[in-house]
Amino acid sequence: MNCSEGCDCKIALASDHAGFGLKEIIKEHLSVRGVTTVDLGTDSTQSVDYPDFARKVCESILAGSSNRGILLCGTGLGMSMMANRYKGIRGALCHDHFTARAARSHNDSNVLVLGGRILGIDLAKDIVDTWLDTPFEGGRHEGRVMKFDE
Ligand code: RB5
């Protein structure tokens, strides 16, 4: 059991070149935490197009191959824009604990998006932990979240 949903969470990870360095750090952090990850690229700092990597993570979640995802690009903006085009994906760009907590408790986010050119390493790790550990509150938030996909 390694996430707020009480399951053995499998997290799909992907980044573009600008998020690559932080992706590797977050992957190691999750491994130390005992969280299973599947790394869907990219594999270097060579320039790539972030929508291609957002797609891989979203399709992995929607196919049931992973429970949640983490996407990283330079700002997190492009990745979150792309991820939120997929019905069933609730991508949350978080730069602090407050939004990381609310992204789970209010929005039932299933994809965390981070800005590799914005966040320090320790803050990024803490945001990931907060996002993983915070349960969805349900209640009044349930109907609101369901409206995303109506
Ligand atoms: C790449 O230069 C940069 O545009 C990308 O990583 C991301 O920040 C886009 O939103």
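Which residues, counting only those in the range 65-113, are on the phi > 0 side of the Ramachandran plot and surrounded by fewer than 24 Cβ atoms within 10 Å (Cβ to Cβ)? Show your work before the answer.
Initially, the range 65-113 is screened for residues on the phi > 0 side of the Ramachandran plot, giving 76, 88, 108.
Across the range 65-113, the qualifying residues are Gly88, Asp108.
Going residue by residue through the range 35-46, is there one that turns out to be more than 21 Å from Ala102 (Cβ to Cβ) and among the charged types (D, E, K, R)? If you could, list the steps in order and put the result at the bottom.
Filtering the range 35-46 for residues more than 21 Å from Ala102 (Cβ to Cβ) gives 35-46.
Now narrow it down to the ones that are among the charged types (D, E, K, R): 39, 43.
Taking every residue of the range 35-46 in turn, at least one turns out to be more than 21 Å from Ala102 (Cβ to Cβ) and among the charged types (D, E, K, R).
The residues of the range 72-127 that are hydrophobic (A, V, I, L, M, F, W, C) and part of a loop (DSSP other than H, G, I, E, B), listed by number, are Ile89, Cys94, Ile118, Leu119. Right, Asp108: out of contact with any Ser or Thr (no Cβ under 8 Å at 6 or more places or on another chain) and under 26 Å from Glu137 (Cβ atoms) or not? Taking the combined requirement at face value, the residue satisfies it.
On the stretch given as the range 8-34, residues that are assigned to a helix (DSSP H, G or I), touching a residue at least 40 places away in the same chain (Cβ under 8 Å) and not aliphatic (A, V, I, L, M) total 5. Go through the residues of the range 42-52 one by one and say whether even a single one is in a loop (DSSP other than H, G, I, E, B) and closer than 15 Å to Leu132 by Cβ. No, the range 42-52 has no match at all.
Each reported figure results from applying straightforward, stated rules to the coordinates on display, with no laboratory input. What you see is a predicted model; the values in this text were computed from it and never measured. Because the Cβ atoms are built from the backbone with ideal geometry, glycine has one as well, and the counts that use them run over all protein chains shown.
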